[in-house]
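These notes are about the structure you will find just below.
Coordinate-derived values only; no laboratory data. For clarity, every value in this text was computed on a predicted model and none was experimentally measured. Methodologically, a virtual Cβ is constructed for each residue, glycine included, from the backbone with ideal geometry; neighbour enumeration extends over all protein chains shown.
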Amino acid sequence: MIAAQPVDALRLIDQGARNGIDGVLVTLIGIEGSSSRAIGTQMAVLADGRHVGSFSGGCIERAIIAEALEVLDAGSARTVRYGIGSPYIDVRLPCGGGIDLLFTPHPDLAEVADALARLDRREAATLQLGDHLQTYSPRLRLIALGHGEDLAALVRLARAYGLDVCAYAPTDDAAVDEGVLPLVTRTRLPAIVGDAWTAVVFLFHDRDWEEFLLPQALDIAAFYHGAVGSRRTHRARIERLRKLGVSETRIDALRGSIGLIPATRHPATLALSILAELVQDYEACAGREVWGPTVVARGAMLRT
């Protein structure tokens, strides 16, 4: 994993509690001007000095850890400003802005455990920290089906980034050696469960594997459905789906020419291009309640 994920702060607090070590959750609740992190970003600091998360490139974390340990000794929550308007004139943010951090010692461990259990079940979770309600989303899940180096490269990169990856390739494909599960038939998908935080990507260049599997994949709940190929390939794909009786709503949910970098030819660049688009859309719309050509379930957007 490249960097700490939002849930990692909760996991450190839970881990510390299981070993009898108290902790503090530090939450970004206000920004003035610019900030390198978003509202809701968290750090966790344990009494033994272990910590996870950050609010800058490293210029204020030492001060935050020291403050957290002081808060832990005092036993009561406090909000501290860093940067513009801060009493700590020797602690400056490189972006020139100001941030307000809520220090919460001894967070409710039952609520922390419940939030972690919900996330493990791929449900959204919340944690009440004083007047601040902190929200957490399940991590991005990638369901990838395809073959060859394109699939293998995307699987490697997505796993390194920290995605929950479930990938499939034909049984005789080299990608199966990458921990990819085998597809034993061209006509039936394995039992795959999606949700509002799931992306489904097809990376087949042999269109025979799409004919029956792609219509089934469009029935998987997801915030993103996409398939590689040129515009011409995608037009032909759409016509095949129509002939198979797939609804226009489901067809409209399918993206072609996927990725943020156009006309990509190299497997590694294609993987980066697709992953960047998935992360962009996950942060923009995954799990959100929307109307129109979608169905709302548990406050989440599910493609239909």
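How much FRET efficiency would the formula 1/(1 + (r/R0)^6) give for Val184 and Glu211, where r is the Cβ-Cβ distance and R0 is 22 Å, rounded to 0.05? Efficiency for this residue pair is about 0.85.
Rank Leu69, Leu133, Leu101 by mean-square fluctuation in a GNM of the chain with C-alpha springs under 10 angstrom and give only the top-ranked residue. Residue with maximal mean-square fluctuation among Leu69, Leu133, Leu101: Leu133.
Given just the C-alpha atoms of the chain, how large is their convex hull per residue in cubic angstrom?
Details: hull volume 46.5 nm³, N = 304.
Dividing the Cα hull volume of the chain by its residue count gives 153 Å³.
Couplings for segment 209-225, taken from phi via the Karplus curve 6.51 cos²θ - 1.76 cosθ + 1.60 with θ = phi - 60°, read 6, 7, 3, 9, 6, 5, x, 5, 5, 5, 8, 6, 4, 6, 8, 8, 10 Hz in order; Gly and Pro are left as x.
With contacts taken as Cα pairs under 8 Å and at least 6 residues apart, segment 6-136 reaches a relative contact order of 27 percent.
Springs between Cα atoms under 10 Å define the GNM used for the chain, and in it the highest mean-square fluctuation of Ala63, Ala271, Ala44 occurs at Ala63. Here segment 1-32 and segment 222-293 have alpha carbon centers that stand 34 Å from each other.
Of the residues Ala38, Ala125, Ala221, the one that moves most in a GNM of the chain with alpha-carbon contacts below 10 Å is Ala38.
For segment 141-303, averaging the sequence separation of C-alpha pairs within contact (under 8 Å, six or more residues apart) and dividing by the residue count gives a relative contact order of 22 percent. Where both bridge residues fall in segment 141-303, DSSP classifies roughly 15% of the beta bridges as antiparallel. Converting phi to 3J(HN,Hα) with the Karplus coefficients 6.51, -1.76 and 1.60 and the offset θ = phi - 60°, segment 226-233 yields x, 9, 6, x, 6, 4, 4, 4 Hz in sequence order, with x at every glycine or proline.
When you restrict to C-alpha pairs under 8 Å that are six or more residues apart and normalise by the size of the chain, the relative contact order lands at 12 percent.
If r is the Cβ-Cβ distance from Arg18 to Cys59 and R0 is 41 Å, what FRET efficiency results, to the nearest 0.05? Walk me through the intermediate numbers first.
On the way: r = 32 Å, r/R0 = 0.78.
That pair, Arg18 with Cys59, gives E of 0.80.
For Ala191 and Glu70, a Förster radius of 41 Å and the Cβ-Cβ distance give a FRET efficiency of 0.20, rounded to the nearest 0.05.
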